[in-house]
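These notes are about the structure you will find just below.
The values are calculated or read from the model by the stated rules, or taken from the named source; none is laboratory data. Predicted model only: the values in this text are computed from it and were never measured. Don't worry about glycine lacking a Cβ; one is built from the backbone with ideal geometry, like all the others, and counts go over all protein chains shown. Only protein heavy atoms, including side chains, enter the accessible area calculation; ligands, DNA and RNA are left aside. Shrake-Rupley method; radii C 1.70, N 1.55, O 1.52, S 1.80 Å.
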Amino acid sequence: APTAANKTESTPEDTAKAFTPDGWLKSGDFGFMKNGCLYITGRAKDIIFVNGQNYYPHDIVNVAEEVEGIELNKIAVAGFFNNDNGRDETIAFVFHRGSLEKFMPVAAALQRVVNSRTGLELDRILPVKDIPRTTSGKLQRFKLLEQYKNGLFSDVEQELERARYKAKMDIISG
């Protein structure tokens, strides 16, 4: 068989679900075969789906790193289905330890560049003090997404909203 495993450690039904009809283990990886070699190109769960379009986080990050104030490996992008509004959303978590006033222009530039280069509208751009990593150094965007879903960034979102409102009022009052 072409797989590295013959069965899973659970029921025969679970084992059957874990393999494709032709015997490949469903690992969650995307890849292709060429000249008898398997090339892994990414993970299925890493793909961000928005309005029927597929985006890879690393492609968005590569574009984002062109923005002044966004450093290599200091941004993580994740997507999720928001049950509250019934739509797919995208969040950029940007490593930032300065003030929100200094973050806002970076976030605005990030929004513009990502939108103009990819057509993707980031739903949220949040400053974070830390980006979790695996022991091998890979960014753990799903930990950040889990923290977001658990409300860990609610305070900073409210602060950003107040800062945006204040900036609009400052513009209006001249």
TODO: Keeping to segment 9-23, report how many residues are at negative phi, in a loop (DSSP other than H, G, I, E, B) and modelled with pLDDT of 75 or more.
DONE: 5
Task: Failed criterion for residue 74 (all others in (1) modelled with pLDDT of 90 or more; (2) more than 21 Å from residue 94 (Cβ to Cβ); (3) not aliphatic (A, V, I, L, M) hold) - done: (2)
TODO: Please verify whether segment 153-168 includes one or more residues that are touching a residue at least 60 places away in the same chain (Cβ under 8 Å), in a helix (DSSP H, G or I), over 27 Å from residue 72 (Cβ atoms) and open to solvent by 60 Å² or more (accessible area, probe 1.4 Å).
DONE: yes
Task: Unmet criterion (only one of (1) among the acidic types (Asp, Glu); (2) surrounded by fewer than 17 Cβ atoms within 10 Å (Cβ to Cβ); (3) within 18 Å of residue 48 (Cβ to Cβ)) for residue 101 - done: (3)
Task: Subset of segment 119-148 (residues that are not in a loop (DSSP other than H, G, I, E, B) and not charged (D, E, K, R)) - done: 125, 126, 127, 128, 139, 142, 144, 145, 147, 148
TODO: Would you mind telling me which numbered condition in (1) part of a helix (DSSP H, G or I); (2) farther than 27 Å from residue 151 by Cβ; (3) modelled with pLDDT under 90 residue 116 fails?
DONE: (3)
Task: Only one of 127, 132 that is under 24 Å from residue 168 (Cα atoms), open to solvent by less than 40 Å² (accessible area, probe 1.4 Å) and of a type outside the set (Phe, Trp, Tyr) - done: 127
Open item on the list: Whether any residue in segment 37-49 is open to solvent by 70 Å² or more (accessible area, probe 1.4 Å) and modelled with pLDDT of 80 or more is what I want to check.
Closed with: no
Open item on the list: Just to check your reading of the model, which residue among 94, 77, 106, 61 is open to solvent by less than 70 Å² (accessible area, probe 1.4 Å) and touching a residue at least 40 places away in the same chain (Cβ under 8 Å)?
Closed with: 77
